[in-house]
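The values are calculated or read from the model by the stated rules, or taken from the named source; none is laboratory data. Everything quoted here is computed from the prediction, not taken from an experiment. Reconstructed Cβ throughout: ideal geometry from the backbone, glycine too, with neighbour counts over all protein chains shown. Each accessible area value is taken on the protein alone, full model and side chains, heavy atoms only, with ligands, DNA and RNA left out. Shrake-Rupley method; radii C 1.70, N 1.55, O 1.52, S 1.80 Å.
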Amino acid sequence: MPTLSNPTAPAPNPLSYSRADWQRGYQSQPQESAYEITEMEGTLPPDLRGTLFRNGPGLMDIHGQRLHHPFDGDGLICQIAIADGKAHFRNRYVRTEGYEAEQKAGRILYRGVFGTQKPGGWLANFMDLRFKNIANTNVIYWGGKLLALWEAAEPHALDPVTLETLGLDRLGDVLRPGEAFSAHPRIDPGSATTGGEPRLVNFGVKAGLSSAITLYELDTAGRLVQRQTRSIPGFAFLHDFALTPNYAIFFQNPVRLNPIPFALGLRGAGQSLEFQPDRPTQALIVPRDPALPMQTIDLPACFIFHHANAFEHTGPQGQPCITVDSICYDFFPTVEPGVDFLDINFDDYPAGKLWRCQLDLARGTAERTCLADRPCEFPTQNPATVGQPTRYYYLGTAHDPTVNAPLQAVMKMDLQTQTLKTWSFAPQGFMGEPVFVPHPQATAEDEGWVLILTYRADRHASTLVILDAQTLEPVTQLHLRYHIPYGLHGTFVPEVLGL
Ligand code: FE2
């Protein structure tokens, strides 16, 4: 199998893409604008109404000074409002304190968690332990607020129509100054625990030699219903969690933080995480009822950013079990200092794959099976089945199932029939997280659409693709005027905002 070490290799390229095409999708996008999308293939489904919000790093440099890793880039929010056959696009940067300061100064003023250093070598970074809240990971609309999220700090509130930054938002008095509100909230669609009402559940981590997880539950008006804090031993790197009616489940990755190279200014905090393959990954099973004890179950070492879903059930002897589906890596995929992320050799990085972990709460054991033996990330599902057994997942995957490579195809998994469908944007299309939008009168779990913001290297611009979720074939393509760098997470809401 050829490596990606020669990005300028002439055609024919045995891979499904060219590295130069993939790299162009990472170019900074300083433009901000608002316009009606007029370049459209197909027609918009009349029943598709609402607004897609996306977040992700939009700048890979500060006035020419390059960032070490895209995860260190300032949050760029995209809003695509759809109604009555029309669509309107708007994008705007989150005016964080750090964004404003760096744009004014015209240079990098902050170190990034994933390895960006201030110019001037290690001395310029020595003992600078500040973090820049870059608000670049997710955007949610809850309780009438549009919130840009970054996992290590407070959310930023935005005007949901204009995307103007309103400032740091502590959700009323829910968060204390500096308290984190992760970028991966889950929405309980309504269970016995919530009296049938939807509820936003999220967490914040205070990491250290021992760590603390605080779990927040907010009602549909954004009011705090419950808050609880659990102490866990050791350093915790928790990006995501899974939710069932009775439990919040965290998988603690076997990593330790070596603070010395970070403090000395030699590495970013994220690069100072050391994966420990001889230690187990630990499932932390936190009852949503604060009066009940937490349980810990060990499983073989792996690294997890994202979970797909979880559900409660009984085992063969009637014992309580929880099944958790997650994207697992063999080890922590970090970009070392001195390596340009645009030149990484994908063969050197582990491929994320979808695994199922069955946790037996009575025996305290875990059993794992691989559900999809191909590189994939960004699992999503019908939001109505969160915390329940779901039949379908939608994920981003590599075009070639045997090669670790950029995400170029969307994959629909049918867990009941054990079958896969894919739709690929290769060779010149690349994608991120798919978002499932249910049909308003849906009678089947997969009745609806899958929305994907893709990057098209042939146009050097992005296209929102709307696929029929049942057939996984595109029904509409909305071509944007310019590209949006590869993003992270977002949300679709039925409210039409910005049109
Ligand atoms: Fe994430």
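I need the shape label for segment 140-216. Rule: rounded when a/c is under 1.5, else prolate if a/b > b/c, else oblate, with a, b, c from the alpha carbon gyration tensor. Taking the square roots of the gyration eigenvalues as a ≥ b ≥ c, segment 140-216 is oblate.
Using alpha carbons only, the radius of gyration of the chain set against its Kirkwood radius gives Rg/Rh = 0.93. A simple count of charges around LEU497, restricted to other residues whose Cβ falls under 15 Å of its Cβ and scoring Lys, Arg +1 and Asp, Glu -1, yields +1.
Holding the Cα-Cα limit at 22 Å, pick out from LYS353/LYS412; LYS86/LYS421; LYS145/LYS412; LYS353/LYS421 the pairs that are longer than that. Beyond 22 Å between Cα atoms: LYS86/LYS421; LYS145/LYS412.
For segment 51-425, with all protein chains in place and a probe radius of 1.4 Å, 53% of the accessible heavy-atom surface sits on carbon or sulfur.
Which value, in Å² rounded to 10, gives the accessible area of HIS63 with a 1.4 Å probe and all protein chains present? Accessible surface of HIS63 is approximately 120 Å². Each 5 Å bin from zero up to the one holding the largest Cα-Cα distance in segment 186-288 carries the following percent of pairs: 2, 12, 20, 19, 15, 11, 9, 7, 3, 1, 0. Full extension of the chain between LEU342 and PHE126 gives 75.1 nm of extra length, using 0.36 nm per residue less the Cα-Cα distance.
Here's the list of lysines a cross-link from LYS206 could span, going by alpha-carbon distance under 19 Å and ignoring same-chain residues fewer than 8 apart: LYS132. At 1.567 mPa s and 4 °C, plugging the Kirkwood radius over alpha-carbon pairs of segment 326-380 into Stokes-Einstein gives what diffusion coefficient in µm²/s? For the chosen part, D equals 97 µm²/s. Histogrammed with a bin width of 10 Å, the alpha carbon distances of segment 1-152 distribute as 10, 29, 27, 24, 9, 1 percent, first bin at zero.
Split the chain at each of the trypsin sites (Lys or Arg not before Pro) in a DSSP loop with at most 12 other beta carbon atoms within 10 Å, and the longest piece is 224-362. Just to check, using Stokes-Einstein with a Kirkwood Rh over alpha carbon pairs, what's the diffusion coefficient of segment 291-385 at 10 °C and 1.306 mPa s in µm²/s? Estimated diffusion coefficient is 103 µm²/s. For segment 160-243, GluC sites (Glu not before Pro) are listed when DSSP marks them as loop and at most 16 other Cβ atoms sit within 10 Å of their Cβ; the list is GLU164, GLU179. Accessible area per residue for the chain, computed on protein heavy atoms with a 1.4 Å probe, is 40 Å². Across segment 47-61, computed HN-Hα scalar couplings (Karplus, 6.51 cos²θ - 1.76 cosθ + 1.60, θ = phi - 60°) run 8, 8, 9, x, 9, 9, 10, 10, 10, x, x, x, 10, 9, 8 Hz from first to last residue, x flagging Gly and Pro.
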